[in-house]
Ligand code: XIL
C-alpha cells in the first residue's frame with residue numbers, strides 16, 4: 001500500500017496554495033466597533049450567560065494538563081461546553097498504539113470534571129486519518145497490510161473502535177465528530193489517508209452508519225477546516241454532504257473548525273456555505289475557533305481588528321438560526337496549538353495571541369466582540 005498520509009501528501013499544488021494564502025491580505029485590517037471602549041468593557045456578563053439566552057453552546061478545550069492550566073479558573077464561569085483537545089483521539093486513547101487496547105483514564109478525568117461543572121462534552125473524534133500514531137494507532141496500517149482482505153479488515157477495525165468508544169462514553173457525550181478533516185488541506189479531493197486508499201469515500205459513510213447503530217441518541221458531525229467557503233474544495237465538501245443526505249447516511253451536522261491562520265475567510269462566502277447546510281436540513285457548530293492576532297499587524301490596533309473578526313463570524317453564525325455551538329480552540333494566549341506547529345512556532349509568526357483572554361486572563365477586546373455578537 002502506498003503510504004502518503006498527513007503532511008507527506010503535500011505536493012506542488014499544496015505549496016502554491018499555501019503561498020497564495022500567505023501573501024493574501026486580511027479582508028479587514030480596519031475595525032468598525034471599538035470593543036475596548038468603556039461602553040463594552042463595563043459589561044460584566046459572562047459568555048455563558050449570554051450564550052444560554054440564545055440556546056447555543058459556548059465552549060473551550062481541555063488539554064491533558066487541564067488541572068494545572070487556566071482551564072479550571074475560566075471554564076465554569078464562561079463555558080458550558082468542552083471539547084477534549086487530544087485525549088479522545090483514537091491514537092491517544094490506544095495504549096502503545098495497539099488496536100483494541102484503550103486507556104480512557106485521562107478522558108474520563110476530564111469528563112468527570114465537566115459533568116461536575118455542568119458542561120456538555122463534544123466528542124472529538126472517532127475517525128481521523130491525518131496523523132498515524134496520534135489520530136489512529138499505527139497498528140491499523142500494519143494489520144491492513146498483512147490482511148488478505150484489507151477492506152473487510154479495515155471495516156471490522158473501524159466498527160469495533162466506534163462501538164467500543166461510543167459504548168464507553170454512552171450517556172456522557174451527546175455529540176461526536178464522527179469523521180474529521182476528510183479533505184486534503186489544499187486541493188479539492190478527499191485526503192489520501194490509509195482509510196481512503198482502502199475503502200474510498202465509503203469509509204466516511206461507513207463510520208456514520210456504525211456510529212448511529214452503536215448509539216442512536218447522539219448527534220453525528222462531519223468536521224472540517226476551510227480557508228475559503230466558496231471555492232472548489234468547499235463545493236466538493238457540499239457535494240459530499242448532499243450525497244450523504246440523499247443516500248440516507250445518518251448525519252446531523254457539520255463542524256466548521258474556522259482556524260484563522262493567514263487571513264480571514266470571507267463572510268459572504270461563509271453565508272453561502274451555511275445556507276447550503278441549512279438547505280440540506282443539517283445544523284452546524286463552529287468547533288475550533290481561533291483567530292491569530294498577528295494577521296492584523298498592519299491594522300492600527302490589531303487587537304481591535306481581531307475583535308471585529310470574532311464579532312463577524314460569531315454574529316453570522318448565531319443569526320443563521322442553525323448554529324448549535326461555538327467552541328474556541330483554547331482559553332487564553334498562554335497556550336495555543338499554534339505555538340507548537342510550523343510555521344506559527346517560528347519567531348516571524350509570533351506572537352500568535354489568537355484567543356479571547358490574554359496570558360494574565362484579562363478579557364481582550366475579542367472577548368467583548370464575541371459577547372456582543374451573541375446578544
Ligand atoms: C491539535 C491539538 O490542538 C494539538 O495539541 C495536537 O498536537 C494536534 O492537534 N484540527 C483538529 C484538531 O481537528 O484536533 C487539531 O488539534 C487542530 C486542527
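Fewest-first ordering of 147, 16 by other beta carbons within 10 Å of each residue's beta carbon gives 16, 147. When the alpha-carbon atoms of region 166-279 are used, the pair Rg, Dmax equals 14.5, 41 angstrom.
Our compactness index for the chain, the C-alpha radius of gyration over the empirical 2.2 N^0.38 Å, is 0.96.
Taking all Cα-Cα distances within region 217-275, those exceeding 12 Å account for 70%. Between the helical axis of 12-23 and the longest alpha-carbon principal axis of the chain there is an angle of about 10 degrees.
Neighbour counts of C-beta atoms inside 10 Å place 81, 105, 309 in the sequence 105, 81, 309, starting with the fewest. Look at 47, 21 and count the other Cβ atoms within 10 Å of each Cβ; fewest to most, that gives 21, 47. Cα gyration tensor of region 30-88, axes a ≥ b ≥ c as square roots of the eigenvalues: rounded (a/c below 1.5), prolate (a/b > b/c) or oblate? Here region 30-88 falls in the prolate category. Stokes-Einstein diffusion for region 122-232, with the hydrodynamic radius set to the Kirkwood value over Cα pairs and evaluated at 10 °C in a medium of 1.306 mPa s, equals 109 µm²/s. Note on the chain: with a GNM built from Cα contacts shorter than 10 Å, the maximum mean-square fluctuation among 308, 68, 239 falls on 68. Between residue 77 and residue 108, the FRET efficiency from the beta-carbon distance, with R0 = 25 Å, is close to 0.60.
In the elastic network of the chain, a GNM with C-alpha springs shorter than 10 Å, the most mobile of 182, 250, 216 is 216.
For the chain, the antiparallel share of DSSP beta bridges with both residues in that region comes to about 10%.
Taking the Cα atoms of region 204-248, the ratio Rg/Rh between the radius of gyration and the Kirkwood radius comes to 1.04. Distance distribution P(r), region 283-375, all Cα-Cα pairs, bin width 5 angstrom from 0: 3, 15, 23, 25, 18, 11, 5, 1, 0 percent.
Helical runs assigned H by DSSP (4 residues or longer) give the chain a calculated mean residue ellipticity at 222 nm of -12000 deg cm²/dmol, each run adding -39500 (n - 2.57) before division by the residue total. Return the single residue from 136, 311, 338 with maximal mean-square fluctuation; model: Gaussian network over the chain, springs between Cα atoms under 10 Å. Result: 338 has the largest fluctuation of those listed. Computing FRET efficiency as 1/(1 + (r/R0)^6) for residue 147 and residue 22, where r is the C-beta to C-beta distance and R0 is 41 Å, gives about 0.45.
Extension gain, residue 359 to residue 322: 0.36 nm times the residue separation minus the Cα-Cα distance gives 10.0 nm.
Normalising the average separation of contacting C-alpha pairs (under 8 angstrom, six or more residues apart) by the number of residues puts the relative contact order of the chain at 19 percent.
For residue 272 and residue 341, the FRET efficiency from 1/(1 + (r/R0)^6), where r spans their Cβ atoms and R0 equals 41 Å, is about 0.90. Once the Cα atoms are used to define both axes, helix 302-319 deviates from the longest principal axis of the chain by about 60 degrees. Classify region 9-127 as rounded, prolate or oblate, taking a ≥ b ≥ c as the square roots of the eigenvalues of its Cα gyration tensor: rounded when a/c is under 1.5, otherwise prolate if a/b is larger than b/c and oblate if not. It comes out oblate by the Cα gyration axes. For region 317-375, what's the relative contact order in percent, using C-alpha pairs closer than 8 Å and at least 6 residues apart? Value for region 317-375: 30 percent.
Counting only alpha carbon atoms, the long axis of helix 105-116 and the longest principal axis of the chain meet at about 50°.
Read-outs: derived from the displayed coordinates by stated rules, not from any lab. This one's a predicted model, so the numbers in the text were calculated from it and none came from an experiment. FYI the Cβ positions are ideal-geometry reconstructions off the backbone, even for glycines, and counts take in every protein chain you see.
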